[in-house]
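Here is the structure we will look at.
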Amino acid sequence: MPKVTLIAHDGTRRELDIPSGWSLMEGAVQNDVSGIVAECGGGCACATCHVVVDPNWLAKLPAPSATELDLLECTAVPRQANSRLSCQIKLSADLDGLIVQLPERQT
Amino acid sequence: MPPIVVVGAGQAGLQVVDSLRRGGYTDALTLIGDETWLPYQRPPLSKKFLLEEMDPARLYFRPAAHFSKQDVTLRLGVSVTRLNRTTCELTLSDGSTVHYDRLALATGTRVRTLPVPGADDPRVCYLRGLDDAVRVKARLVETSRVVIVGAGFIGLEIAAVARALGKEVTVIEAQGRVMPRVVAPLVSAYFQRVHESHGVRVMTDAQVQAVVNSGAGLAVRLRDATEIPAELIIVGIGVVPNTELAAAAGIICDSGIVVDEFARTNDPAIVAAGDCTRHRNTLFAEPHRLESVQNAVDQAKVAAASLLDVPVAYAQVPWFWSDQYDVKLQMTGISTGYDELVLRGVPESGAFSVFYYAGERLLAVDSINRPVDHMVARRWLLAGTKIAKHSAADVAVDLKSVI
Ligand SMILES: Cc1cc2nc3c(=O)[nH]c(=O)nc-3n(C[C@H](O)[C@H](O)[C@H](O)COP(=O)(O)OP(=O)(O)OC[C@H]3O[C@@H](n4cnc5c(N)ncnc54)[C@H](O)[C@@H]3O)c2cc1C
Ligand code: FES
């Protein structure tokens, strides 16, 4: 299972094992991470699953869809260059070791 | 004020429990639900879950451990059969009783069943819960011909999935256009074209008279005697709010449990939230009953605030989305009473928004593959921002710059 490190806004780090094929959002929610709201349940419709991807990992992720890019304009905390929606990040062995930060709030 | 009991472990029930704990309530808290699954997301059931290999555990709002950590007593797989407001007691289907001091009802809805002869055939399916979705998914695998009755959101989403799985799909709609209740005719026309271009046969103004099972196999018979062969029939003709428990206890219901803008019923100890309510929202003059994640979540927060005696009036803008193929429809506001439509972008481009106006007042916006329009419109509707029709219509105007 790919390991993912989530760094909460207060700096707390959590390392999660998330099954391949799951989205990062699903992995975070099933591990009771409170910094991801995911109101639309992964529908790429709410922008409440915002994460900021470690710059070293950004290039390893498939490019965001047009819808994701548009939604990233509408996050509660303004996006950064390396922001993504965690429901659109599908985990695989290639992403083992992924590091992301959680924004201060999602709504 | 303990204990607080929440009936219905769906989107709204879960949110009530969550908001109570976040709001500092530390006493006894019980969440009762008649489904056996942990509380889960319904929207993916007619979308991703049907289409892909997907572990149901990916749909849970929270892992099981969350509830013990939060000291929430979860009672799943049991339904509340009686509410006694005199003794403040609930009777459960397993014969046990649960005492409450304050109660939240979040009982949701159930599907409206197809009221025609033959509809009790096991190949006639519905989609409301995870059990339904597991069943429909299994049946889809062994089916090549699917007939969908009802061209609402759920019917059309299933049609899109079934096409993606290579099935032959017919959609039957009683009214003259798809999604007739909620979107403007031009949006209906757009979605009908999208489905037809993906190979779905869309039949409007078509009334189902019976489900027949002759020597030739299963079929849907229409009022004009046309028979449409099917191996699987999926019905999506709307829902009925679960109000019986409340109504039998003398709580006022009017196709929905009637609540005020604080999610309070006529019993001061009882609030209600989500799909089951006919509610007040201070943004609107009329009461509404809505079926959406937004309403379940936001109204549940209001219900929790009332339970904590820090009432906050419900004043949130409704929003909703639907995914069909690669088309994302996002809706916000309530368009009832519009007198003019303003189009932003052109349907032919596959990305456009429809602004519903009453006079100069913006009521609602439907966005098709234009999420920014949707998000901005939500903010405007909440703030009551005036947005000139010419700005709405002009794709060169950056809506985010209009405050
Ligand atoms: C297939 C599908 C797709 C959807 N897609 C979208 C979408 O894309 N966007 C969107 O915004 N919304 C969508 N919705 C609607 C959304 O899921 C609902 O609005 C939301 O789930 C409502 O939450 P609720 O808690 O009010 O009701 P529910 O989630 O229905 O929960 C109510 C729960 O209470 C239980 N219950 C009822 N009576 C009792 C009793 N007496 N005792 C114990 N338990 C009881 C029910 O079994 C149920 O588990 C969809 C719904 C479905 C079914
Ligand atoms: S969960 Fe809603 S956009 Fe990711």
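The values are calculated or read from the model by the stated rules, or taken from the named source; none is laboratory data. Please read these numbers as outputs of a predicted model, since none were measured by experiment. Using ideal geometry, Cβ is built from the backbone for each residue, glycine included, and neighbour counts are taken over all protein chains shown. Keep in mind that these areas ignore ligands, DNA and RNA; they rest on the heavy atoms of the full protein, side chains included. Shrake-Rupley method; radii C 1.70, N 1.55, O 1.52, S 1.80 Å.
Of all DSSP beta bridges located in chain B, what percent are antiparallel, nearest 5?
60
Can you give the FRET efficiency for A:LEU69 and B:VAL310, using 1/(1 + (r/R0)^6), R0 = 51 Å, r = Cβ-Cβ distance, to the nearest 0.05?
0.85
Gaussian network model of chain B, Cα springs within a sub-10 Å range: biggest mean-square fluctuation belongs to which of B:ILE233, B:ILE251, B:ILE172?
Comparing B:ILE233, B:ILE251, B:ILE172 in the GNM, the peak value goes to B:ILE251.
If the elastic network links every pair of Cα atoms under 10 Å, which of B:PHE191, B:PHE153, B:PHE284 fluctuates the most in the Gaussian network model of chain B?
B:PHE284
So what is the relative contact order for the stretch A:3-101, in percent, with contacts set as C-alpha pairs under 8 Å and at least six apart?
Here the relative contact order equals 41 percent.
Based on DSSP H runs of at least 4 residues, each adding -39500 (n - 2.57), what is the mean residue ellipticity at 222 nm of chain B after dividing by all its residues, to the nearest 500 deg cm²/dmol?
Mean residue ellipticity at 222 nm (helix-derived): -7000 deg cm²/dmol.
Tell me the carbon and sulfur percent of the accessible area for the stretch A:3-101, rounded to whole percent, probe radius 1.4 Å.
51
Please work out the FRET efficiency for the pair B:GLU196 and B:VAL346, using the Cβ-Cβ distance as r and a Förster radius of 22 Å; give the result to the nearest 0.05.
That gives a FRET efficiency of 0.75.
Would you mind computing Rg(Cα) / (2.2 N^0.38 Å) for the protein assembly as shown, counting N as its residues?
0.98
Rounded, prolate or oblate: which fits the stretch B:1-72 when a ≥ b ≥ c are the square roots of the eigenvalues of the alpha-carbon gyration tensor, with rounded for a/c under 1.5 and prolate only if a/b beats b/c?
Cα axes put the stretch B:1-72 in the prolate bin.
For the stretch B:32-183, give me the percentage of DSSP beta bridges that are antiparallel, rounded to the nearest 5 percent.
Close to 55 percent.
Going by accessible area, probe 1.4 Å, with all protein chains left in place, what is the ranking of B:GLU360, B:GLU227, A:GLU68, largest first?
B:GLU360, B:GLU227, A:GLU68
If a/c stays under 1.5 just call it rounded; otherwise compare a/b with b/c (prolate if a/b is bigger, oblate if not). Do that for the stretch B:9-116, with a ≥ b ≥ c from the square roots of the Cα gyration tensor eigenvalues.
Cα axes put the stretch B:9-116 in the oblate bin.
Report the accessible area of B:LYS400, computed with a 1.4 Å probe over the heavy atoms of all protein chains in place, in Å² rounded to the nearest 10.
Ignoring ligands and nucleic acids, B:LYS400 comes out at about 80 Å².
Apply the Debye scattering formula to chain B, with a single equal point scatterer on each alpha-carbon and no solvent, then give log10 I(q)/I(0) at q = 0.06, 0.09, 0.13, 0.15 Å⁻¹.
-0.26, -0.59, -1.17, -1.38
Straight distance only, please: which lysines reach the Cα of B:LYS400 with their own Cα at less than 19 Å, same-chain residues fewer than 8 apart left out?
Qualifying lysines at Cα under 19 Å: B:LYS386, B:LYS389.
Check cross-link reach from B:LYS137 to the lysines: straight Cα distance under 30 Å, and skip same-chain residues fewer than eight apart.
Here the lysines satisfying the reach criterion relative to B:LYS137 are A:LYS90, B:LYS47, B:LYS48, B:LYS167, B:LYS328.
Quote the FRET efficiency, to the nearest 0.05, computed for B:ALA119 versus A:LYS60 with a Förster distance R0 of 56 Å and r equal to the Cβ-Cβ distance.
0.65
B:LYS389 label point, 7 Å along Cα→Cβ, cut-off 19 Å on backbone N: hits in the stretch B:319-354?
B:334-347, B:353-354
With a cut-off of 8 Å between alpha carbons and a minimum separation of six or more residues, what is the relative contact order of chain B in percent?
14
Given Cα positions, please report Rg to Rh for the stretch A:3-101, the hydrodynamic radius being the Kirkwood one.
Ratio value, two decimals: 0.91.
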